[in-house]
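The values are calculated or read from the model by the stated rules, or taken from the named source; none is laboratory data. Fair warning: this is a prediction, and the values are worked out from it, not measured in the lab. In this analysis, Cβ positions are derived from the backbone assuming ideal geometry, glycine residues included, and neighbour counts consider all displayed protein chains.
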Amino acid sequence: MRTSRWVVVVWLIIGGLAAGQRHYYSQFDGSCAKFATIGITMIAGPLNYIGLNPSAYCKVPQPSK
C-alpha cells in the first residue's frame, strides 16, 4: 500500500510537469475548460509523453435574460 501511494504522487507530479510544459498554467483564465484540461493532463500523467493530448470542452448553461 505504501508503494502505491508513492506511485500516485510521482504520477501526479509528472502530470503537473506536463501541464506546465504545455503552458496551461500561464494561459489559465478561470474557465471550466481550462480547469478541466489541466486536471485531465495531470491525471493522464506520463501518458502525455507518449502522445496522449487530453483536453476538455465545457458547455455551461447561461442564465436566462
Checklist (1) surrounded by 12 or more Cβ atoms within 10 Å (Cβ to Cβ); (2) under 12 Å from the mean Cα position of the chain (by Cα); (3) not basic (Lys, Arg) applied to residue 23, failing item: (1)
Verdict on residue 55 being loosely packed, with under 11 Cβ neighbours inside 10 Å and either small (Gly, Ala, Ser) or in contact with a strand residue (DSSP E or B) (Cβ under 7 Å, 6 or more places away or on another chain) (or both): no
Complete set of residues in the stretch 1-51 that are among the aromatic types (Phe, Trp, Tyr) and outside any helix (DSSP H, G or I): 24, 25, 28
Failed criterion for residue 34 (all others in (1) at pLDDT 80 or above; (2) loosely packed, with under 13 Cβ neighbours inside 10 Å hold): (2)
Filter pass, residue 64 being among the small types (Gly, Ala, Ser), surrounded by fewer than 12 Cβ atoms within 10 Å (Cβ to Cβ) and either in contact with a helix residue (DSSP H, G or I) (Cβ under 8 Å, 6 or more places away or on another chain) or not in a helix (DSSP H, G or I) (or both): yes
